[in-house]
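First the structure, in the form of structure tokens, and then the observations on it.
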Amino acid sequence: MKHPENVHSVELPFGSATLFYPEAGEDRCTAAITLEVDPVALVRGKASIEDQYVNDRPYAASSLLSVALGRLLNTAMGGRSKLRQELADTAIPLECSLTPLPARGSADLLARMFEPLGYSVEAEAIPLDPAHPEWGASPYVSLNIKGTVRVQDLLTHLFVLIPVLDNSKHYYVGEDEVKKLLQKGGEWLEAHPEKELIVRRYLLGFRSLMRSATEQLEERVEAEEPEEHASRDAEEEKIEKPIRLNTQRMDYLADLVRNLGASSVLDLGCGEGRLLRQLLTIKGLDRIVGVEVAPRVLAKAGDRLKLDRMPDIKRKRIELMQGSLVYRDDRLKGFDAAALVEVIEHIDAERLPALEAALFGHARPANVIVTTPNSEYNVLFEGMEPGTMRHSDHRFEWTRSEFHHWAESVAKAYGYEVRYEGIGSEDPTYGHPTQVAIFSRVDAVKEAA
């Protein structure tokens, strides 16, 4: 909504910010922001001895830049567009450079913040003094991140993470900051592997504020109670019950894992633990991990599996962990197999690339098993209205050709081979009610051979 031939400026309590466009063509556009901070205006009227005229605020990216982003790009940060809303809702290739950026913490802090969100990260340390390399690096870096995300996502990620990396803010932190964090953190913060660190640093370690933010984040994740979740799942089970499809799926998955010879398995989107219970019966399966985003659903899985009464030797084999499937998570690396059983159809189509990158690109299990409804088969289910889906939470249901197209593109992009099977009785015209893609990592296949 900003015309690229114009220069856009805003006055701020601590200085001014300017947005301009060094280039704007059909294929590439660059938006640049400069922030000019008046150190006197920054501390005027403040009585604290810690507020000094001489500091790094005029020279480094900080919470001041977050304020400027909010003022200059408020509409874009909100994901709104009067004329091109479809583009605003689309993930596109974006690149962002920030310099100098404070990064106070461990050497891998930048990667831990941005990589789970789907970005590639390049950072160059800035020396304390180029004339004295023996003095070492400063806490500042030149950062470059690249990812295929919505513009709204990039801006909200920067808005929250810039002050988190700096571990400081230029203004009083109160309850309003909790609201701001929840608003800008949106869906991505709830399941970020470094959620606790982000919340703590954003709220400067104030325990009451941290507790308030954490409780509200958990309420968001758990807005759908396990009972309601189960009720909605019952819709699909009622449709499929006459052919005992869910039972067939569990038996099929257990047999497939057994035949793969896997000793470690991930059940991604494990729900209340039906597959986990099946996997525990397989001898030689030493590590079984169930991953679910909602803590209460995960707790329900623990209750149904009777983990508290399980013999120690069996209990050591299984672990439940909270996590999101669309963020990179080092805990999910190194597994022989991963199963997504009736999961991908619950994910918004625009978020599938993030799942693909997190699972096939980052975690990279040797084998990935994906099951999903075959929409062509729906006409054979008694009582299903034409054009409807089996579950009210399904974002899509694919035909066999659509599923094959997706699977083959993923396999090609991430170095996997893929083959297809089906679950349930096969109809000569409409195929199996459940379709299956079995991905095998090419280098793992070669090692086995």
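The values are calculated or read from the model by the stated rules, or taken from the named source; none is laboratory data. This one's a predicted model, so the numbers in the text were calculated from it and none came from an experiment. Glycine also receives a Cβ, built like all others from the backbone with ideal geometry; neighbour counts cover every protein chain displayed. Surface areas here come from the heavy atoms of the whole protein model, side chains and all, with no ligands, DNA or RNA. Shrake-Rupley method; radii C 1.70, N 1.55, O 1.52, S 1.80 Å.
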**Report entry** Percent antiparallel among DSSP beta bridges (both partners in the chain, rounded to 5)
**Finding:** 70
Report task. Under a 10 Å cutoff between Cα atoms, tell me which one of ARG328, ARG304, ARG249 has the largest fluctuation in the Gaussian network model of the chain. Result -> ARG304
Report summary line: Diffing the range 368-380: the Karplus 3J(HN,Hα) column from phi (6.51, -1.76, 1.60, θ = phi - 60°), in whole Hz with x for Gly and Pro, holds 10, 10, 10, 10, 7, x, 8, 5, 4, 6, 4, 5, 8
**Report entry** Loop-located GluC sites (Glu not before Pro) in the range 347-424, at most 16 other Cβ atoms within 10 Å (DSSP)
**Finding:** GLU382
Report task. Decide, for the chain, between rounded, prolate and oblate: order the square roots of the alpha carbon gyration tensor eigenvalues as a ≥ b ≥ c, take rounded if a/c falls under 1.5, and otherwise choose prolate if a/b is larger than b/c, else oblate. Result -> prolate
Query - Rounded Å value of the spacing that divides the Cα centres of the range 405-449 and the range 316-341 - result: 20
**Report entry** Relative packing of peptides 276-285, 86-95 - highest average C-beta neighbours within 10 Å first
**Finding:** 276-285, 86-95
Requested in this report: Using the heavy atoms of the protein chains and a 1.4 angstrom probe, tell me the accessible area per residue for the chain in square angstrom.
Outcome: 52
Query - Order by protection proxy (mean Cβ within 10 Å, highest first), peptides 152-158, 13-19 - result: 152-158, 13-19
Requested in this report: Quick one: pull the percent of accessible area on the chain belonging to carbon and sulfur, 1.4 Å probe, ligands and nucleic acids left out.
Outcome: 49
**Report entry** Cα gyration tensor category, rounded, prolate or oblate, for the range 1-150 with a/c compared to 1.5
**Finding:** oblate
Requested in this report: Please sort 24-30, 98-104 by packing, taking for each peptide the average over its residues of neighbouring beta carbons within 10 angstrom, highest first.
Outcome: 98-104, 24-30
